[in-house]
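Below is one structure, written out as structure tokens; comments come after it.
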Amino acid sequence: MTKKTEFFLDKFTDNLSKHIQENKENFKEFCNFIDRNLLNKKKNNLYILGNGGSSSIASHCAVDFMKVLGVKASNFTDHNLITCYANDYKYENWTKNALEIFCNDRDTVILISSSGESKNLINTAKFLIKNKINLITFTGFKKNNSLSKLGKINFWINSKSYNEIEMCHHILIVSAIDYLKENN
């Protein structure tokens, strides 16, 4: 490994650590929220949604919530569902319209958007707030992005790098799963 490569890797991992530490209070609140609202109430569901790379994070984390914690967790990655709803309701409404069918006021939804400006997720957040459904957000880029102020708990990663933001979102969620597994 060259010095330049080592420097890059050191800087990247230092940035991840710094961003995660900046969200320490949210992490505690998130773990307590999941414990109170999902682990102790097995009738409640968790939905995790994102676009692109955030959708992949959502998919992985939904499986871990189910497998590791026994939480009924889902995400919408079926291409038939996405294309049907995007075609019929427009892309900016497909996640909202899907959740209208699945969600109720006992459930929790995690929305993941690196920019915090994904129109479909903003429309979904407004629907969730209107219907008093628990919302947790994971965003990055600008601090006051549209999505970052809508959840009960709002994680924000102070970075303009998609990879840093997405890795921090993933680490925070799977770390919460591991913490809750060890402490329940």
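The values are calculated or read from the model by the stated rules, or taken from the named source; none is laboratory data. Because the structure is a prediction, the values reported are computed rather than measured. Heads up, the Cβs are rebuilt from the backbone with ideal geometry, glycines too, and the neighbour counts pull from every protein chain shown. Keep in mind that these areas ignore ligands, DNA and RNA; they rest on the heavy atoms of the full protein, side chains included. Shrake-Rupley method; radii C 1.70, N 1.55, O 1.52, S 1.80 Å.
Here are the numbers for the structure shown:
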item: Segment 79-103, residues that are outside any helix (DSSP H, G or I) and farther than 22 Å from residue 64 by Cβ; result: 90
item: Near pairs, Cβ below 7 angstrom, 6+ apart or cross-chain, from segment 120-134 (within 13 Å of residue 152 (Cα to Cα) and aliphatic (A, V, I, L, M)) to any residue that is open to solvent by 30 Å² or more (accessible area, probe 1.4 Å) and part of a loop (DSSP other than H, G, I, E, B); result: 125/150; 129/150; 133/105
item: Failed criterion for residue 99 (all others in (1) hydrophobic (A, V, I, L, M, F, W, C); (2) open to solvent by 40 Å² or more (accessible area, probe 1.4 Å); (3) in contact with a helix residue (DSSP H, G or I) (Cβ under 7 Å, 6 or more places away or on another chain); (4) closer than 19 Å to residue 135 by Cβ hold); result: (2)
item: Which listed residue, of 46, 9, 38, is surrounded by fewer than 17 Cβ atoms within 10 Å (Cβ to Cβ) and aliphatic (A, V, I, L, M); result: 9
item: Residue ID - farthest from the chain's Cα centre (by Cα), chosen from residues in segment 115-157 that are hydroxyl-bearing (Ser, Thr, Tyr) and open to solvent by 10 Å² or more (accessible area, probe 1.4 Å); result: 146
item: Any chance residue 59 is at pLDDT 95 or above and open to solvent by 30 Å² or more (accessible area, probe 1.4 Å); result: yes
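Residue by residue, here is whether (1) touching a helix residue (DSSP H, G or I) at 6+ places or on another chain (Cβ under 9 Å); (2) part of a helix (DSSP H, G or I); (3) charged (D, E, K, R) holds:
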position	(1), (2), (3)
19	yes, yes, no
77	yes, no, no
105	no, no, yes
109	yes, no, no
